[in-house]
Amino acid sequence: MLNSLKIENFRSLEDFQIKKLGRINLIVGKNNSGKSTVLEALRIYAGNAHQELLEKIAQAHDEKYFLEKNIKG
């Protein structure tokens with residue numbers, strides 16, 4: 001369980017912070033206010049920023065995802 005939440009420089013959220021979270025939290029706001037961005041950031045956090053998850057999210061937004069691979073030669 002998270003006690004607080006801070007998101008910096010992720011999509012439209014430059015500095016988003018909730019100092020105290022409860023057991024149940026409700027996210028409300030106008031269209032394009034960042035509600036889905038908060039959920040997406042939590043999804044990335046919960047998924048440990050796993051490569052496949054990041055690729056899936058990038059594809060859902062029609063974004064290109066680049067991964068640098070170390071090539072031994």
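Take residue 39 and tell me if it is open to solvent by 50 Å² or more (accessible area, probe 1.4 Å), touching a residue at least 12 places away in the same chain (Cβ under 8 Å) and within 13 Å of the chain's Cα centre (by Cα). Answer is yes for this residue. The set of residues in region 1-35 being open to solvent by less than 90 Å² (accessible area, probe 1.4 Å) and of a type in the set (S, T, N, Q) consists of 4, 12, 25, 33. If you go through region 52-63 one residue at a time, do you hit one that is open to solvent by 50 Å² or more (accessible area, probe 1.4 Å), within 17 Å of residue 2 (Cα to Cα) and hydrophobic (A, V, I, L, M, F, W, C)? No: region 52-63 contains no residue that is open to solvent by 50 Å² or more (accessible area, probe 1.4 Å), within 17 Å of residue 2 (Cα to Cα) and hydrophobic (A, V, I, L, M, F, W, C).
The set of residues from region 1-56 being part of a helix (DSSP H, G or I) and among the small types (Gly, Ala, Ser) comprises 36, 41, 46.
In region 42-57, the residue that is farthest from residue 8 (Cα to Cα) out of those that are under 8 Å from the mean Cα position of the chain (by Cα) and of a type outside the set (Ser, Thr, Tyr) is 43.
The values are calculated or read from the model by the stated rules, or taken from the named source; none is laboratory data. Owing to the predicted nature of the structure, the values given are computational and were not obtained by experimental measurement. Glycine also receives a Cβ, built like all others from the backbone with ideal geometry; neighbour counts cover every protein chain displayed. These accessible areas exclude ligands, DNA and RNA; they are computed on the full protein's heavy atoms, side chains included. Shrake-Rupley method; radii C 1.70, N 1.55, O 1.52, S 1.80 Å.
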